[in-house]
Amino acid sequence: MILYNEIHEQPSVIRRLLENESGNIHEIIAHLHHSGDQTAYNYLLIAARGSSDNAARYAQYLFGARNRLPVALATPSLFSLYHQPPDLTGALLLGISQSGKSPDIVSVNAEGKRQGRPTLAITNIADSPLAQASDYTIDLNAGPEKAIAATKTYTSSLGALALLSAARSGEAESLEQLKQMPTWMEKCLEGIESYLPRVERYRYMSHCIVIGRGYNYATAFEIALKIKELTRTITEPYSSADFRHGPIALVTEGFPVIVVAPGGAVSADVSDLIDEVKRRGAELLIISEQESLLEKADLPLPIPAGIPEWLTPLVAVIPGQLFSMALAQARGFNPDQPLGLTKVTETL
């Protein structure tokens, strides 16, 4: 199966990304900072769609927490349809796109160049229109992704962002932590296999919620997208904070709730929410390395221990990818070719 193979390629893709792009990314940072001058830009404006947009959500927490750099998400329609782009003074424009072909994303970086701002592309096609519209390009090094649902290009986008953040901070420890990522991903893939037969339990699930917070707010969105794409299940992502502001009323006996809960700054809040929805009778699927939380799950989905919180999204998404694939199979769907979808979506 193509999707299965591409999910399992992710450790080698991240390893290749680290080997091939680390030098390039350090050079990009050096050029952007003009030999140490970090006033060339004071915020990031990211244009993306789909899974790439979920990678941009990760960037908001990543650069905010680790680089103290504000990150805003662009509204591409202002550039491509309304033709009323905002004043981009102070911005570093970053376009994230697997194919680099979507005209609306390309238009944001093209306008950035017109306004004299630095522009960067993260893409799997190094000579794509997005790359050509940008000053700098980071190649995802994912190789051809043939399954419709993005998996290896998503995690390599996260890896590229993590490398960019680490290079900007100049912290050697961050780069050493990143080098361990392929091993953590391999351990996750090995450990999760025995749980996949239990996904059959959710064959008739018609709706569910995915919860994440902090760095893994992005993971909740990406897992929800994979479930929708592959299984046609109504799936909504929330932060544990937003979920308390009304949507928690949805949870009654047997309501499926998937919680992304690695340890870290948000762990206590997410743990409290797990207890609350469990009291309401939720069917709990929990992605975590914490045994105390996994014991509360109807379906535990473990990840390896010891991963720094800022890097957990690269691993925590893997159980969600495999859950979505297994659920599609249980329903008799083709995970490689979801009905009604195409690999490259070009929006204006």
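Values quoted throughout were computed directly from the atomic coordinates according to the rules given, and no laboratory measurement underlies them. No experiment lies behind these values; they were computed from the predicted model shown. FYI the Cβ positions are ideal-geometry reconstructions off the backbone, even for glycines, and counts take in every protein chain you see.
Using packing as a proxy for protection, rank 329-335, 117-123, 261-267 so that the peptide with the highest average count of other Cβ atoms within 10 Å comes first. List each step's numbers first, then the result.
On the way: 329-335: 16.9, 117-123: 25.3, 261-267: 20.6.
The packing order, highest mean first, is 117-123, 261-267, 329-335.
For PHE255, which sequence-distant residues (separation of 5 or more, or a different chain) have an amide H within less than 5 Å of its own amide H, given hydrogens modelled in the peptide plane?
GLU283
Would you please classify the overall shape of region 1-102 from the alpha carbon gyration tensor, given that a ≥ b ≥ c denote the square roots of the eigenvalues, rounded means a/c under 1.5, and beyond that prolate means a/b larger than b/c while oblate covers the rest?
Oblate.
Taking a point 7 angstrom from the Cα of THR252 along the C-beta vector, which residues in region 193-220 have backbone N less than 18 Å away?
Those under the cut-off are 205-209.
With both bridge residues required to lie in region 210-293, what share of the DSSP beta bridges run antiparallel, to the nearest 5%?
Expressed as a percentage, antiparallel bridges in region 210-293 total about 0.
Given the rule -39500 (n - 2.57) for each run of at least 4 DSSP H residues, summed and divided by the residues of the chain, what is its mean residue ellipticity at 222 nm, to the nearest 500 deg cm²/dmol?
Per the formula, -14500 deg cm²/dmol.
Please get the size of the charge dipole for the chain, origin at its Cα centre, with Cβ charges of +1 on Lys and Arg and -1 on Asp and Glu, quoted in debye to the nearest 20.
I would put it at about 580 debye.
Taking springs between alpha-carbon atoms closer than 10 angstrom, which of MET205, MET325, MET185 fluctuates most in the Gaussian network model of the chain?
MET205
Round to the nearest 10 and give me the degree value, 0 to 90, for the angle of helix 312-330's Cα axis relative to the longest principal axis of the chain.
Tilt of helix 312-330: around 50 degrees.
With only alpha-carbon atoms counted, please give the Rg and Dmax of region 2-179, in Å.
15.3, 46
Relative to a virtual label point 7 Å from the Cα of GLU190 in the Cα→beta-carbon direction, which members of region 274-310 show backbone nitrogen distances below 19 Å?
The answer is 288-290, 301-308, whose backbone nitrogens lie closer than 19 Å to the label point.
Averaged over every viewing direction, what's the projected area of the C-alpha convex hull for the chain? Give it in nm², one decimal, please.
Values: hull surface 65.6 nm².
About 16.4 nm², averaged over all directions.
What do you get when you divide the Cα radius of gyration of region 182-330 by 2.2 N^0.38 Å, with N the number of residues?
My calculation over the Cα atoms of region 182-330 gives 0.93.
Would you be so kind as to identify which of THR137, LEU81, ALA167 lies farthest towards the positive end of the dipole of the chain, taking Lys and Arg as +1 and Asp and Glu as -1 on Cβ and the Cα centre as origin?
Of the candidates, LEU81 comes out farthest on the positive side.
Which residue, LEU322, LEU45, LEU73, tops the fluctuation ranking in a GNM of the chain built on C-alpha contacts under 10 Å?
Taking springs between Cα atoms under 10 Å, the residue moving most is LEU73.
Could you line up ASP104, ASP272 from fewest to most neighbouring Cβ atoms inside 10 Å?
ASP272, ASP104
Rounding to the nearest 20 debye, state how big the charge dipole of region 85-160 is about its Cα centre with +1 on each Lys and Arg Cβ and -1 on each Asp and Glu Cβ.
That gives a dipole near 80 debye.
So how strong a dipole does region 1-141 carry about its Cα centre when Lys and Arg Cβ are +1 and Asp and Glu Cβ are -1, to the nearest 20 debye?
Dipole size: approximately 280 debye.
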